[in-house]
Amino acid sequence: GSTDISLDAAGRRQATALGGLLKTFRPGRCYSSPLQRALETAQSVAALLELRVEVDPDLREADFGLWEGKSFEEIERTYPEAVSEWAALAKDFAFPGGECMRDFVKRVRRAADRMATDPADVVLAVTHGGVVRVAICHLLGLPYRNYVLFGMRPASLASIEMFDGKGVLTEINNSCCLPE
């Protein structure tokens, strides 16, 4: 969610390890969500790759509003009607007190389009699971509603290769170099 928290010690170790994995890709540009956990990861990785981090507000995670920090069981118990709308992927669903999915998808698409047309051969985006899943759908030409079909582990790599404006998912959830 949009709760702005720092990395813990395990997250910092993962960020350092991720930098080693990303060296093989040789990114020419690094974008990051402005949220601390992503920005700290991006700064750690970018230092190893000798890149400058460019903060992109469109890469921040969805604002889950009143659902932030709650377990799914708590949310289901407290907001059963909203959970039904969310599960049905209602077109105008908005998290109670938070962001409308339509707005979230719109901003992720903007960021994905900018990165897909970036002049760098390889672009690195350090962001969040929901953002990655929506970007995958957009760049692969899938309806955004399919974002629920992809799972993203923390500190893992997803890779999309672009060919004539169309994306091919070549990798997802690569965390092979991360410490336990």
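General remarks:
- Checked against (1) crowded, with 16+ Cβ neighbours inside 10 Å; (2) modelled with pLDDT under 95, CYS176 passes all but a single condition, namely (1).
- ILE136 meets all of the listed conditions (1) under 11 Å from the mean Cα position of the chain (by Cα); (2) closer than 22 Å to GLN36 by Cβ but one, namely (2).
- Filtered residues of the stretch 12-38 (kept if under 30 Å from VAL83 (Cα atoms) and not polar (S, T, N, Q)): PRO34, LEU35, ARG37, ALA38
- In the stretch 46-58, the residues that are within 16 Å of the chain's Cα centre (by Cα) and assigned to a helix (DSSP H, G or I): PRO57, ASP58
- Picking from residues in the stretch 8-41 that are open to solvent by 30 Å² or more (accessible area, probe 1.4 Å) and part of a loop (DSSP other than H, G, I, E, B), the one that is farthest from PRO154 (Cα to Cα) is GLY28.
The values are calculated or read from the model by the stated rules, or taken from the named source; none is laboratory data. It should be emphasised that the depicted structure is a prediction, and the values quoted were computed from it without experimental measurement. Glycine gets a Cβ as well: all are built from the backbone with ideal geometry, and neighbour counts include every protein chain shown. Just so you know, the surface numbers come from the protein's heavy atoms only, side chains and all, with ligands and any DNA or RNA stripped out. Shrake-Rupley method; radii C 1.70, N 1.55, O 1.52, S 1.80 Å.
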